[in-house]
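Peer 1: Mind having a look at this structure? Questions to follow.
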Amino acid sequence: MDTAVSARSPQAPPLSGSGAGRPPEPPSFRGSTAADARLLTAYTEACAESAAAMPPPAERSAAERGSADRIEQAARRARHAFLQAHAGHLYDELTDGRTRRPRLDELAFAAAEHYPGLVPDRAQVAADRRLPQAEKSGGEIDQGILFAHLLDRRETGEHLLRSMLAPTPRALDLLPEFRRTGRTDLGQATVHRDGCVAEVTICNQDVLNAEDDAVVEALETAVDLALLDESVTVGVLRGSVLSHPRYRGRRAFGAGINLTHLYTGRISFVDFMLRRELGYIRKLIHGLHHGAADDPFLLPGGKPWVGAVDTFAIGGSTQVALVLDRVIADTDAYFSLPALAEGIIPGAANLRLGRVVGRRMAERLIFFGEKVRATSPEARALCDEVVAPVALDAAVAASAERLADPAVPANRRMLHLAEESDDVFRTYMSRYALEQSARMHSPDVVAKLERTWINRRPTGTRAG
């Protein structure tokens, strides 16, 4: 196999045209993967040296900031060009000819090790994690470039999507105990089996059940356990009772992304933005993929899911509601998707929302932050049943009993196939990787967080 090696090898030719504030002449990738990888590493190092010769970022003039941006963009164009030529070979190398199924973070770090300069390595990511969002290096944008190219190619993208449908190692470790007791507490989420129904509950009470990296990890593990346990035929997803002063004692489905964590740099592109969509949300739709082969007829099983929407489903929680088989809301609840107020893309909602509620209403939700009360006529597209809060548990139980019918899994598989093929989702996520990684590091995102959310509430939440 033509393995990539460090660009510090004497085989890497010198680069010309670089200097303080100027990018070097772009490389021409026309050789083997290993030779072009050395060129890429040498080029990105030269770009970094040119930027380092300038004053520190906080001391740069407007002209110097423009020069630094041109250097950064030149390095990213080179990464695009390299991946355009070699993404397939890179993926085959990092997965041993697609015989292994690494998780997203494993894949990104392996790419950093084998192809220096392509994406940030573990040390660079760890250093960035200690910084607020406004001060990060932007290395996650390069991770977005990597995953955009891998998802764009059908052969690598399909393998990656199926890899992310595999059960997590944590879930496999916990499965015997869950089968025995029917209960697992993961801290940020719990899963409890009652007969053939497994109830997954998000438990991030002091921030209105908002999601962050740890919550996403816990939710994926909980969903895996519900899917792995053969005695479970239906899943229920809901939020826990809140401890937030304004809503103490009430349940809430969820407040979406934890905006305080986003502002302080604790929301990651790979472990939150990508993992959330390719992990637990997609498992809610398609179930688990256990097979080692990519046979299209080895379809994931999947199980039906009921959503119990107490009080509100904001942002990412409305995104999740879109993929559930039945959504039951209480009469006090509302749905909202205020993406423009945050400045980021609301996951795969832009793919699914228009199909569910229509293009005009989707734009009102995303662009204008419109709230949809569960009791309003418009909510009929977002939830199936609206009941008094005291009747919610009984309505959920009745729906779960109905969806336990053996004919449901096959029918839901065909419904999902008709409305969202793997190719459609893969193409969307390829572009999403580029767009979302860039949005996370756009100056207006931090400005919007400061102006709209962080300075308005001590907890950095947005419900109300």
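The values are calculated or read from the model by the stated rules, or taken from the named source; none is laboratory data. Values in this document were obtained by computation on a predicted structure and should not be read as measured data. Quick reminder, even Gly has a Cβ in these numbers, built from the backbone with ideal geometry, and neighbours come from all protein chains shown. For accessibility, only protein heavy atoms count, side chains too; no ligands or nucleic acids. Shrake-Rupley method; radii C 1.70, N 1.55, O 1.52, S 1.80 Å.
Peer 1: Tally Lys and Arg at +1 and Asp and Glu at -1 over the other residues with C-beta under 13 Å from the C-beta of GLY354: what net charge comes out? Can you show the working numbers first?
Peer 2: Numbers: positive: ARG352, ARG355, ARG359, ARG360, ARG364; negative: GLU363, GLU419, GLU420.
Surrounding charge for GLY354 is +2.
Peer 1: Let me ask something additional. Taking all pairs of different Cα atoms in region 55-192, averaging 1/r and flipping that mean, what Kirkwood radius in angstroms comes out? Don't skip to the end; give the middle numbers.
Peer 2: On the way: mean 1/r = 0.0564 Å⁻¹.
Result for region 55-192 stands at 17.7 Å.
Peer 1: Debye sum, Cα scatterers, region 266-380, no solvent: what log₁₀ I/I(0) at q = 0.13, 0.17, 0.18, 0.20 1/Å?
Peer 2: The Debye formula, applied to the Cα set alone, gives -0.56, -0.89, -0.98, -1.14.
Peer 1: In the chain, what % of DSSP beta bridges are antiparallel (nearest 5)? Kindly include the intermediate steps, with their values, before the conclusion.
Peer 2: Working: 13 of 35 bridges.
Around 35 percent antiparallel, to the nearest 5.
Peer 1: When ranked by the protection proxy of mean other Cβ atoms within 10 Å per residue, highest first, what sequence do the peptides 241-250, 100-109, 320-329 form?
Peer 2: Working: 241-250: 14.4, 100-109: 18.9, 320-329: 24.2.
Descending mean neighbour count gives 320-329, 100-109, 241-250.
Peer 1: Straight-line reach from LYS136: which lysines have Cα under 22 Å away, leaving out those fewer than 8 places along the same chain?
Peer 2: The qualifying lysines are LYS448.
Peer 1: Around VAL309, which amide H atoms from residues at least 5 apart in sequence, or from another chain, sit under 5 Å from its own amide H, with H modelled in the peptide plane?
Peer 2: Answer set, sorted by chain and number: ILE328, ALA329, ASP330.
Peer 1: A follow-up question, please. How about LYS371: which lysines have a C-alpha closer than 17 Å to its C-alpha, ignoring those fewer than 8 places off in the same chain?
Peer 2: none
Peer 1: If the only charges are +1 at each Lys and Arg Cβ and -1 at each Asp and Glu Cβ, what is the size of the charge dipole of region 306-386 around the Cα centre, to the nearest 20 debye?
Peer 2: Working: 9 positive and 10 negative charges, 76 e Å.
Its charge dipole is roughly 360 debye.
Peer 1: Moving to a separate point now. Sorted by average packing, counted as other Cβ atoms within 10 angstrom per residue and highest first, what order do 47-58, 349-360, 144-155 take?
Peer 2: Working: 47-58: 14.3, 349-360: 16.2, 144-155: 21.3.
The densest-packed peptide leads the list: 144-155, 349-360, 47-58.
Peer 1: Quickly estimate the mean residue ellipticity at 222 nm for the chain, helices only: each DSSP H run with n ≥ 4 gives -39500 (n - 2.57), and the total goes over all residues, rounded to 500. Before the final figure, lay out the partial values.
Peer 2: Details: 18 runs with 213 residues, N = 464.
Theoretical 222 nm ellipticity from helices: -14000 deg cm²/dmol.
Peer 1: Quote the charge dipole size of the chain about the Cα centre in Debye, to the nearest 20; the model charges only the Cβ of Lys and Arg (+1) and of Asp and Glu (-1). Write down the numbers at each step before the final one.
Peer 2: Numbers: 57 positive and 61 negative charges, 193 e Å.
It works out to roughly 920 debye.
Peer 1: For the chain, find the longest principal axis of its Cα atoms and tell me its angle to the long axis of helix 139-152, 0 to 90°, nearest 10.
Peer 2: 70
Peer 1: Let me ask something else about it. What is the dipole size for region 222-263, taken about its Cα centre, with +1 at each Lys and Arg Cβ and -1 at each Asp and Glu Cβ, in debye to the nearest 20? Write down the numbers at each step before the final one.
Peer 2: On the way: 5 positive and 3 negative charges, 107 e Å.
Using Cβ point charges on Lys, Arg, Asp and Glu, region 222-263 gives about 520 debye.
Peer 1: Moving on. Which net charge results when you count Lys and Arg as +1 and Asp and Glu as -1 among the other residues whose beta-carbon is under 14 Å from that of LYS136? Working shown, then result.
Peer 2: Details: positive: ARG129, ARG130, ARG266, ARG439; negative: GLU72, ASP128, GLU135, GLU140, ASP142.
Neighbourhood net charge equals -1.
Peer 1: Would you compute, for the Cα atoms of region 198-330, the largest minus smallest coordinate along each principal axis and list the three values in descending order, in whole Å?
Peer 2: Principal axes ranked by extent give 50, 33, 21 Å for the Cα atoms.
Peer 1: Express the carbon and sulfur contribution to the solvent-accessible surface of region 335-388 as a percent, rounded to the nearest whole number, probe 1.4 angstrom. The partial results should precede the final answer.
Peer 2: Details: 1330 of 2490 Å².
Whole-percent figure for carbon plus sulfur exposure: 53.
Peer 1: At a threshold of 8 angstrom on Cα-Cα distance, excluding pairs fewer than six apart, so keeping six or more, what relative contact order does the chain reach in percent?
Peer 2: Numbers: 835 pairs, mean separation 64.1, N = 464.
Normalised by residue count, the contact order of the chain is 14 percent.
Peer 1: Can you say what percent of the DSSP beta bridges in region 213-372, counting only those with both residues inside, are antiparallel? Round to 5. Mind dumping the intermediate values first?
Peer 2: Working: 2 of 14 bridges.
The antiparallel fraction comes to roughly 15 percent.
Peer 1: Using only the Cα atoms of region 343-432, build the gyration tensor, take square roots of its eigenvalues as a ≥ b ≥ c, and label the shape rounded, prolate or oblate: rounded if a/c is under 1.5, else prolate if a/b is larger than b/c, else oblate. Before the final figure, lay out each step's value.
Peer 2: Details: a/c = 2.58, a/b = 1.18, b/c = 2.19.
Taking the square roots of the gyration eigenvalues as a ≥ b ≥ c, region 343-432 is oblate.
Peer 1: Ok, one more. Using the Karplus curve 6.51 cos²θ - 1.76 cosθ + 1.60 with θ = phi - 60°, work out ³J(HN,Hα) for each residue of region 232-238 in order, rounded to whole Hz, and write x for Gly and Pro.
Peer 2: 8, 10, 9, x, 10, 10, 7
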